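The values are calculated or read from the model by the stated rules, or taken from the named source; none is laboratory data. What you see is a predicted model, and the numbers here were worked out from it, not measured in a lab. We place every Cβ from the backbone using ideal geometry, glycine too, and count neighbours over all the protein chains shown.
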Amino acid sequence: MSAAQGPGLSPALIARLRKSEDQHKYDHGHALILSGGPGKGGAARLAARAALRVGAGLVTLVAPRAAMSEHAAQLTAIMLRPLDRAEALSGILRDQRLNALCLGPGLGLGAKTRRLVGRALAAPRPTLLDADALTSFAADPGTLFAQLHPACVLTPHGGEFSRLFGPLPQTREACVAVLQEAAEQAGAVVLLKGPETLIASPDGGLASVRLRGESAAPWLATAGSGDVLAGLICGLLARGFSPMEAAETGAQLHGLAGRRLGPGLIAEDLPEALPAVFRDLGI
């Protein structure tokens, strides 16, 4: 088990985050973030900005055509692409340069989201599923599990986890065992968000990021914080990190950003803190 008392990246992961002077943006991947309809796009914008800040070479946000003006008014470096029918996602994903996907933040609940998830997982490529992309399968989790592949990362909070895998036990030891069973059942990395973020892989790997005591970052408990974490992990997947590496590194960076900002932070602040976090790490 890889465990940290507080946010602290290993030298190997720090080295992976660096960019060399002879690389260009296309060497660092192209993340695709899916958004919901008008008035529902804030979560996806947070994820997209986090993916770009963590070093993805390019980021495109996909949303219904009716939401394009809303996104265009608030995004500059992030590209936009309209998508009105779930079935059209397969056409977009013929572009192999789109090498990591994020579905869930603000995507909406229901059949359309289930169809989008199905199209994304059929691609297949590294894919992060969060929030609505998980809850939309609460009535039939097996349908989701049957479509998942080893390059997926699921990032539920406790409630979302329980909807898919059943109730979480009270003790940490029992919780770890249930999480590892969930990762094996899903055949994907599962990151359980909380004051101690636990991450399990289907092969039995386990990592922990503990934000308690001197490493506590209680101000991360704010609207949109989890959407930023989803974007960080997706951006790292685009950069070529393995699902387990991306999940652990994203959680560590999320905690470091929260600690650096401190009381009063809001989710929009977290991606903007990454340059200072990277400098602190010597990147």
May I ask you to list the residues in region 202-215 that are surrounded by fewer than 22 Cβ atoms within 10 Å (Cβ to Cβ) and either over 13 Å from GLU248 (Cβ atoms) or among the polar types (S, T, N, Q) (or both)? PRO202, ASP203, GLY204, SER208, ARG212, GLY213, GLU214, SER215
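Residues are listed down the side, and each one gets a yes or a no for (1) among the charged types (D, E, K, R); (2) at pLDDT 95 or above; (3) touching a helix residue (DSSP H, G or I) at 6+ places or on another chain (Cβ under 6 Å); (4) assigned to a strand (DSSP E or B):
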position: PRO105; (1), (2), (3), (4): no, yes, yes, no
position: LEU109; (1), (2), (3), (4): no, yes, yes, no
position: ALA120; (1), (2), (3), (4): no, yes, no, no
position: ALA139; (1), (2), (3), (4): no, yes, no, no
position: GLY159; (1), (2), (3), (4): no, yes, no, no
position: ALA177; (1), (2), (3), (4): no, yes, no, no
position: VAL190; (1), (2), (3), (4): no, yes, yes, yes
position: GLY194; (1), (2), (3), (4): no, no, no, no
Based on this model, can you work out whether THR249 counts as more than 16 Å from SER10 (Cα to Cα) and touching a residue at least 12 places away in the same chain (Cβ under 8 Å)? no
Looking only at region 141-157, and only at residues there that are free of Cβ contacts under 8 Å to residues at least 60 places away in the same chain and assigned to a loop (DSSP other than H, G, I, E, B), the one that is surrounded by the most Cβ atoms within 10 Å (Cβ to Cβ): PRO156
Criterion violated by GLY187 - all others in (1) over 30 Å from THR60 (Cα atoms); (2) surrounded by fewer than 20 Cβ atoms within 10 Å (Cβ to Cβ) satisfied: (1)
For region 122-136, what are the residues that are surrounded by 21 or more Cβ atoms within 10 Å (Cβ to Cβ) and either modelled with pLDDT under 95 or part of a loop (DSSP other than H, G, I, E, B) (or both)? PRO126, ASP130, ALA131, SER136
Determine whether region 182-189 contains at least one residue that is over 17 Å from GLY159 (Cβ atoms), free of Cβ contacts under 8 Å to residues at least 12 places away in the same chain and not basic (Lys, Arg). no
Tell me the helices (runs of 4 or more DSSP H) entirely within region 3-85 that contain at least 2 residues that are surrounded by 14 or more Cβ atoms within 10 Å (Cβ to Cβ) and over 21 Å from the mean Cα position of the chain (by Cα). 68-72
Given the criteria over 18 Å from LEU148 (Cβ atoms), surrounded by 22 or more Cβ atoms within 10 Å (Cβ to Cβ), modelled with pLDDT under 95 and not hydroxyl-bearing (Ser, Thr, Tyr), does ALA251 qualify? no
So which residues in region 47-70 are farther than 27 Å from GLY240 by Cα and either in contact with a Gly (Cβ under 9 Å, 6 or more places away or on another chain) or of a type in the set (D, E, K, R) (or both)? PRO64, ARG65, ALA66, ALA67, GLU70
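One line per residue, one yes/no per condition, for (1) at pLDDT below 95; (2) under 27 Å from GLY57 (Cβ atoms); (3) part of a helix (DSSP H, G or I):
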residue: ALA207; (1), (2), (3): no, yes, no
residue: GLU214; (1), (2), (3): yes, no, yes
residue: ALA223; (1), (2), (3): no, no, no
residue: GLY264; (1), (2), (3): no, no, no
So LEU164 fits all but one of (1) in contact with a Lys or Arg (Cβ under 8 Å, 6 or more places away or on another chain); (2) closer than 22 Å to LEU206 by Cβ; what number is the exception? (1)
Would you check which residues across region 164-175 are surrounded by fewer than 16 Cβ atoms within 10 Å (Cβ to Cβ) and not in a loop (DSSP other than H, G, I, E, B) and list them? ARG172, GLU173, ALA174
